[in-house]
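One structure is given below, encoded as structure tokens.
None of the figures in this text is laboratory data; all of them are computed from the coordinates on show. Being a predicted model, the structure only gives us computed values, none of them experimental. Glycine also receives a Cβ, built like all others from the backbone with ideal geometry; neighbour counts cover every protein chain displayed.
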Amino acid sequence: MKFNIIKLPKVKSTNNYAQQQIENKALKEGDVIFTINQEEGRGHGDNRWESEPGKNLQISIILEPHMIEASNQFILTQIVSLAITDLIRKNIRDKKLKHEVRIKWPNDIYVGDFKIAGILFQNFIKRNKIEYSVVGIGINVNQNRFFSSAPNPISLIQASNKSINITKLLKKLLNNIGTNYEKYTFEGNYTELKTSYINNLYRYNVRSNYSDITGAFMGQIVDIDQYGRLIIRLDNGTEKKYDFKEIKFRHYPTTN
Ligand code: BTN
């Protein structure tokens, strides 16, 4: 897949910019809005995405995945999360840490218990198909200190002790995404995709502490369903399904 990088010296939010340009019919599949100076980056919900000017990678990719049914939107989440996971892993030298690069469901990328990258998808559905998707990706690269209220940020420089060229990193990221996108959407090999995603999940098959509207509980992630809902097996053997925001990952898992 061919990408066309549109570099902006600064912008409030690459996702918002992409959205406006799509409304003006000025963007197409493969266009990538790229900046190293995002002034009002958006996270999930009302969250902000913190980024010190010049230090990190922020992009929004325009995709037109007409072949994906609306009910299979989670395919895109898996494709992009795996592409970023691979990229981060390749940029960390320490073997133990490499192994700790994982996808925190649904689409945060973690190193150990720390968040190194986030993805903000905006999918537009028409007649049960994805008309287009704005895939916003923020990767913490060369930032050494974080000031926002984000609970657990980490950057590549903190995880690997070396500064990284952001333009080169972007090329590799797009290469990873393009390869996965072609492989999985055109070949439709969703089973292999899901297996890779599950095998890279943070806390997969590890008994851990969670909470939902009923309170805190112990359980373990055992699967995701077709819609990307998380399936957790409780200690008594029953399984519960969660949509995004219906479950919280609690820290400090207990042994009882
Ligand atoms: C999250 O984990 O909360 C999602 C973070 C997404 C941040 C990226 S940075 C590039 C793109 N433009 C935005 O305004 N947000 C996304």
In contact (Cβ under 8 Å) with a residue 40 or more places away in the chain and in contact with an Asp or Glu (Cβ under 8 Å, 6 or more places away or on another chain): is that true of residue 80 in this structure? no
Filtered residue count, segment 1-51, keeping only those that are assigned to a strand (DSSP E or B) and either within 30 Å of residue 151 (Cβ to Cβ) or among the small types (Gly, Ala, Ser) (or both): 8
Taking the conditions exactly as written (farther than 18 Å from residue 79 by Cβ, surrounded by 14 or more Cβ atoms within 10 Å (Cβ to Cβ) and among the aromatic types (Phe, Trp, Tyr)), does residue 210 satisfy them or not? yes
Somewhere in segment 202-215, is a residue farther than 20 Å from residue 110 by Cβ and assigned to a strand (DSSP E or B)? yes
Where residues in segment 205-256 are in contact with a strand residue (DSSP E or B) (Cβ under 8 Å, 6 or more places away or on another chain) and in contact (Cβ under 8 Å) with a residue 60 or more places away in the chain, which of them is farthest from residue 71 (Cα to Cα)? 251
Which count do you get for residues in segment 137-187 that are under 22 Å from residue 80 (Cβ atoms), part of a helix (DSSP H, G or I) and not polar (S, T, N, Q)? 18
Can you confirm whether residue 61 is within 11 Å of the ligand (Cβ to nearest atom) and either closer than 26 Å to residue 193 by Cα or touching a residue at least 60 places away in the same chain (Cβ under 8 Å) (or both)? yes
Out of everything in segment 214-243 that is of a type in the set (D, E, K, R) and surrounded by fewer than 18 Cβ atoms within 10 Å (Cβ to Cβ), what residue ends up being nearest to residue 189 (Cα to Cα)? 225
